[in-house]
Amino acid sequence: MDQLKKILIATSAMGAMSLGSAALAADLEVTHWWTSGGEAAAVAEFAKAFNEKTDHNWVDGAIAGSGGTARPIIISRILGGDPMAATQLNHGRQAEELVEAGLMLDLTDVAEAEGWRDVVHPVSLLDSCTVDGRVYCVPVNIHSWQWLWLSHQAYADAGVDVPTDWSEFVAAAPALEAVDKVPLAMGQQGWQTSGAFGVINVAIGGLDLWRKINVDKDAAAAASPEMLEVFQAFAEARSLSSGSNVQDWNLATNMVITGQAGGQIMGDWAQGEFQVAGQTAGEDYTCLPGLGVNEIISTGGDAFYFPKTDDPEITAAQKELASLMLSKEVQVAFNLKKGSLPVRGDVDLQAANDCMRKGLDILAKGNIMPSGDQLLTADTSSQIEDLLVEFWSDTSMTAEMAQERYADIISNAD
């Protein structure tokens, strides 16, 4: 904090004490990469609650672009001695080194006082915020990649039924192409490509194969005939996306919303875009968890970390924000807008739409899997993403060629 701001805060503090109050309002800069329509509506719920329920002020630090764009900026600022007060990251291994370097605020006292371990469901989300028995982040949602979003308008225009699984989706593609529609909308960014690959991996290869590769780092499984089927399906998806030239994920979602494309493989945050567009789940669009093949949801998501500061007033405000983010009321308001599931298992979601109810039902049945970023290091994930981007853009690369390189990456994975 610069000297001028310290003087201003000190002056404000004296004024507050003269009015009989010892409270000191703090401005907290909060960085995140939620900039699409649905995302902005969701994060506004956090800001609204913080500004209304505390004496402090949310200073929005939105970073345009995806997490891949924002994370290096966020981490660079923290390492460079110019930290924000709070920042979105994905819980798991992304912030591991920052925590180990002593740069993140320990939230264990708040977590224990409020019984986070008793209310966060699944508790693995809190475990992903925990290093050496101490809690360093607050999980705010459950986001799953395992969804295929389908446009009712696109299939009506093509004169075919809305698909109920991946096989029907592939079979309906020629009818869509005959009326100048793109079967599969896909933004041209690496994280979208690798995310879609993970969904196809689980749907086509099955969870056991996925676990062998991502949990056990089994190179033989990565080189297996079953995994070749996954790469062949991924190559099919590559072909179905021809003509989808947008960059950002929400622009690809908009192709589905407007009936320009049949479907999109994207996480449940896409729901926020359908909601902003005034569309109704089950009427205007359909969602297929696990591509309609293996109904399962991954339990990744977003979390907020709080870089350490030597200002006790800022530290106190940081802990207030952490507490508020996990409160029942804010969990409901935020996640209904975000399209994600709440991390609390004790909240009332009567307003949940058809797709969110599907997710809640799968969660209740225990059909869950960990997120890849909880299992693979950033370096391994980056290598896989680079390979998949190359494969997606270079149609001369065969499924066999990509699989061979993939198996080599897994053989050296941490």
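Taking the inverse of the average 1/r across all pairs of different Cα atoms in the chain, what Kirkwood radius in Å do you get?
Result for the chain, one decimal place: 22.3 Å.
Volume per residue, Å³, of the convex hull around the alpha-carbon atoms of segment 225-277? Write down the numbers at each step before the final one.
Working: hull volume 4.5 nm³, N = 53.
Dividing the Cα hull volume of segment 225-277 by its residues yields 86 Å³.
Okay, helix-only estimate at 222 nm for the chain: each DSSP H run of n ≥ 4 adds -39500 (n - 2.57), divide by all residues, round to 500 deg cm²/dmol; what do you get?
Using -39500 (n - 2.57) per qualifying helix, the result is -15000 deg cm²/dmol.
So for segment 261-345, what are the equivalent ellipsoid semi-axes in whole Å, largest first, each being the square root of 5 times an eigenvalue of the Cα gyration tensor?
So the equivalent ellipsoid measures 34, 14, 12 Å along its semi-axes.
Can you tell me, using C-alpha contacts under 8 Å and at least 6 residues apart, the relative contact order of the chain as a whole percent? Kindly include the intermediate steps, with their values, before the conclusion.
Values: 720 pairs, mean separation 105.9, N = 414.
Once divided by the residue count of the chain, the mean separation gives 26 percent.
Any idea which of Ile368, Val170, Val182 is furthest toward the positive side of the dipole for the chain, if Lys and Arg beta-carbons carry +1 and Asp and Glu beta-carbons -1?
Ranked along the dipole, the leading option is Ile368.
If I fit a long axis through the Cα atoms of helix 37-53 and take the longest principal axis of the Cα atoms of the chain, what angle between them do I get, 0 to 90°, rounded to 10?
Roughly 20 degrees, rounded to the nearest 10.
Ile142's amide H: which non-local residues (gap 5+, or another chain) put their own amide H closer than 5 Å, with H modeled 1.01 Å from N in plane and none for Pro or chain starts?
HN-HN under 5 Å from Ile142: Leu341, Val343.
At a 1.4 Å probe, what is the % contribution of carbon and sulfur to the accessible area of the chain?
Heavy-atom surface of the chain belonging to carbon and sulfur, 1.4 Å probe: 49 percent.
Using protein chains only and a probe of 1.4 angstrom, how many square angstrom of Glu329 are accessible, to the nearest 10?
120
What number comes out for accessible area per residue over segment 208-289 if the probe is 1.4 Å? Units Å², please.
38
By accessible area of protein heavy atoms, probe 1.4 Å, what ranking do Ser239, Ser194, Ser382, Ser36 get, highest first?
Ser239, Ser382, Ser194, Ser36
Along segment 400-414, what does the Karplus equation 6.51 cos²θ - 1.76 cosθ + 1.60 (θ = phi - 60°) give for ³J(HN,Hα), rounded to whole Hz, x for Gly and Pro?
5, 5, 5, 4, 4, 5, 4, 4, 5, 5, 5, 5, 10, 6, 7
Could you give the size of the charge dipole of the chain about its Cα centre, using +1 on the Cβ of each K and R and -1 on the Cβ of each D and E, expressed in debye and rounded to the nearest 20?
540
When the Karplus curve 6.51 cos²θ - 1.76 cosθ + 1.60 is applied with θ = phi - 60°, which whole-Hz ³J(HN,Hα) does each residue of segment 138-151 get, with x for Gly and Pro?
Each residue's phi maps through the Karplus curve to give 10, x, 10, 7, 10, 10, 10, 6, 7, 9, 10, 9, 10, 8 Hz.
With angles folded into 0 to 90 degrees, how steeply does helix 166-178 sit against the dominant principal axis of the chain? Use alpha carbons for both and round to 10.
Roughly 70 degrees, rounded to the nearest 10.
What lysines sit close enough to Lys53 to cross-link, taking a C-alpha to C-alpha distance under 27 Å and skipping anything fewer than 8 places away on the same chain?
Lys5, Lys6, Lys308, Lys319, Lys328, Lys337, Lys338
Give the angle, between 0 and 90 degrees and rounded to the nearest 10, that separates the Cα long axis of helix 190-200 from the longest principal axis of the Cα atoms of the chain.
Orientation of helix 190-200: about 60 degrees from the principal axis.
Quote the FRET efficiency, to the nearest 0.05, computed for Asp106 versus Leu79 with a Förster distance R0 of 25 Å and r equal to the Cβ-Cβ distance.
0.85
The values are calculated or read from the model by the stated rules, or taken from the named source; none is laboratory data. Worth saying up front: this structure is predicted, and the values here are computed from it rather than measured. Here Cβ is always computed from backbone atoms with ideal geometry, including for glycine, and neighbour counts include all displayed protein chains. The area values use the complete protein model at the heavy-atom level, side chains included, leaving out ligands, DNA and RNA. Shrake-Rupley method; radii C 1.70, N 1.55, O 1.52, S 1.80 Å.
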